[in-house]
1. Which one of the conditions (1) within 30 Å of the chain's Cα centre (by Cα); (2) free of Cβ contacts under 8 Å to residues at least 40 places away in the same chain does S206 fail to meet, given that it meets all the rest?
2. Being buried (at least 18 other Cβ atoms within 10 Å of the Cβ) and not basic (K, R) is the requirement here; does G504 meet it?
3. Considering every residue within segment 591-609, establish whether at least one is β-branched (V, I, T), surrounded by 15 or more Cβ atoms within 10 Å (Cβ to Cβ) and over 43 Å from the mean Cα position of the chain (by Cα).
4. At pLDDT 70 or above, of a type in the set (D, E) and loosely packed, with under 11 Cβ neighbours inside 10 Å: which single residue out of D294, D305, D298 fits that description?
5. Which of the residues that make up segment 449-489 are among the acidic types (D, E) and either crowded, with 19+ Cβ neighbours inside 10 Å or in contact with a strand residue (DSSP E or B) (Cβ under 6 Å, 6 or more places away or on another chain) (or both)?
6. List pairs: first residue in segment 357-371 and open to solvent by 40 Å² or more (accessible area, probe 1.4 Å), second residue basic (K, R) anywhere in the structure, Cβ distance under 6 angstrom, at least six positions apart or on different chains.
7. Just the residues that are in contact with a helix residue (DSSP H, G or I) (Cβ under 7 Å, 6 or more places away or on another chain), surrounded by 23 or more Cβ atoms within 10 Å (Cβ to Cβ) and in a helix (DSSP H, G or I), please, taken from segment 87-141.
8. Would you check if there is a residue in segment 527-546 being closer than 18 Å to L590 by Cβ, in a loop (DSSP other than H, G, I, E, B) and of a type in the set (V, I, T)?
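The values are calculated or read from the model by the stated rules, or taken from the named source; none is laboratory data. This structure is a prediction, so every number in the text was calculated from the model and none was measured. In this analysis, Cβ positions are derived from the backbone assuming ideal geometry, glycine residues included, and neighbour counts consider all displayed protein chains. Please note that ligands, DNA and RNA were not included when accessible areas were found on the heavy atoms of the full protein model with its side chains. Shrake-Rupley method; radii C 1.70, N 1.55, O 1.52, S 1.80 Å.
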Amino acid sequence: MSFRTRLTTFFLMIVIVPMVGVGALVLRLIADSQQAKVDARASGLATAAQSLYHRSSATALAEARAIALNTVLHRSPRLARELERLRVRAGLARIVLRQAGQTIADVGDRSAIAPGEAVIPSAPGGEITVTVSSIRAADFAADLTGRGVGIVVQVNGRTLAATPPDAVSLKLGRRGAASLDGASYRYLSQSFAGFAGQRVRATVLSNDAASGGSTNSNRLVAGVFIAGFLLLAFAFSVLASRALEGQLGRFLAAAQRLAGGDFSAPVPIEGKDEFAALGAEFNNMSVQLARRLDELSDERGRLRDSIRRIGETFAAGLDRQAMLELALRASVDAVRADCGRLTVRREAEGQLVEILRIGLLAGFEEQFLESERVALGSSSYGEASDDGHGVAAITLGSADAGGPVQAMITVGRSSGRFDDDDRDLLRSLANQATLALENIQLHVQVQRQAVTDELTGLINHGRFQELLSAEIEQVRRYHHHVGLIMLDLDNFKRVNDTYGHQQGDVVLKRVADVLRETSRDADAPARYGGEELALILPHTDLDGTFAIAERVRATIEALRILRLDEAGELRVTASLGVAAASGAGDKDGLIAEADAALYAAKRAGKNRTVRAPNVAAKVGAAE
């Protein structure tokens, strides 16, 4: 067999055999990709169904709480009619009342789902459970139905809604494939809480044709491309074998010189045929390669300078998570690492937890742990190497600055240990990132101080005005209630004059603690000014505001405050004024009415709560 034949055969073998394998792999990947699109669409539809169900349940919970808070419910012949009017007015799908384990009223559509439940503990005859739904199964299905999409909603095997209607006949499990009217679907089922402990099962169906597109056409295109490539490879192999036969020796020698780094000796060129042109291009490639190596060396220097500049920009950022991720990526690029990870301390005394990983850590695990242990020990930098692997860890916010390590960056590479230049780059990036962390912490601290009263820890006057304005806007838009309590300590000047202002500060702090402890999570306790405090109560009418105010007043009256001179205890009382608005609220008017009620309490003898009568009239009219 001639050299030309052997060369042609060898070329065909190294091209055709891999391409056949690649072709099979491409066809398999096309099929897997189409199936992945279908599965991804089904999962997305399931996520949308879950989100819609939980959102509807949250809305129903809010309505149930509103009914439990603002509606007087007791057994009566008219209870069902009253609930039906309430349901229609609120736009609800179903309302169920249960007392002592028995249903006392059930109005609305039995196909309602996504219920929310609230309890009326002080109802006559015992605790009443209010269960409300704001959406029917048919509406739920309609919201999720679209092109190539279906949904089946069932309760205990009974179908409440199905789109398309023929989907009722399908026998559906947890997930899988189904066929309906000649169309292929992928389905995924989820279970949710329903009325009276029942489980609502929602199954989404995604049409394969709508999700995945045409697999056969993609395979045809891939097959034509592979066949064309194989034909071109065969033709090229024949031409290349003929062209390379005479020039192989000279090109081999030139390649050996290039492999040794010698770019000075060009390939000899004879004649003016294609081989001569190839030789000229080979020589030109040698020149370009030598020039490119010089350029790469210069570019590496510029890259290091750019990375240093990136590090300097860290100090201007205020996004802690984004800054730390940028620090990790810059570190990996700077030292040409194959992998890296970022660990942070989420709490001041908590553990370092990995939040981001780049690349695969396989083969680096022991070196990562060893380098991080060293970095957390006596120095802020740790390094470990084994079997040609190099790993380095650098801490951010180290103990050298007097505080705990806030984060740590660890990078690894398989190309060998790190040199002094790499270490300097990592330390430079760590220093700049540490400075950025300090700036972020200072920014957060300044923001917190801008809205917080330094003595009591409550929100300050300015923040109080902002929050009350926002609540009043909600009142105007949605006709909710908002309550306001104004509180003033009785005879506080006498405390300051008798026991000193430091004792007065202690009293204010203890009263502020009472305001915090007796308020709800949604409420906003504030220091209005001096010894006057305030409490904003969203979604609370005048009666509810008065009840909370009385609880605050009684708790303050029961306080026993140790004197700073350890000569006994102090007792204080407070006068409170309450007001509430609903419908057309006005912030300044609400404050003025609560303040007027406060001074009425002062005039009436102190240590009491007075409600603003004119505001109460407004609330009653609104209801």
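1. (2)
2. yes
3. Looking through segment 591-609, at least one residue is β-branched (V, I, T), surrounded by 15 or more Cβ atoms within 10 Å (Cβ to Cβ) and over 43 Å from the mean Cα position of the chain (by Cα).
4. That would be D294, the only listed residue that is at pLDDT 70 or above, of a type in the set (D, E) and loosely packed, with under 11 Cβ neighbours inside 10 Å.
5. Hits for segment 449-489 are D453, E471, D488.
6. Hits for this filter: R357/R341.
7. Passing the criteria: only F140.
8. Yes, segment 527-546 contains at least one residue that is closer than 18 Å to L590 by Cβ, in a loop (DSSP other than H, G, I, E, B) and of a type in the set (V, I, T).
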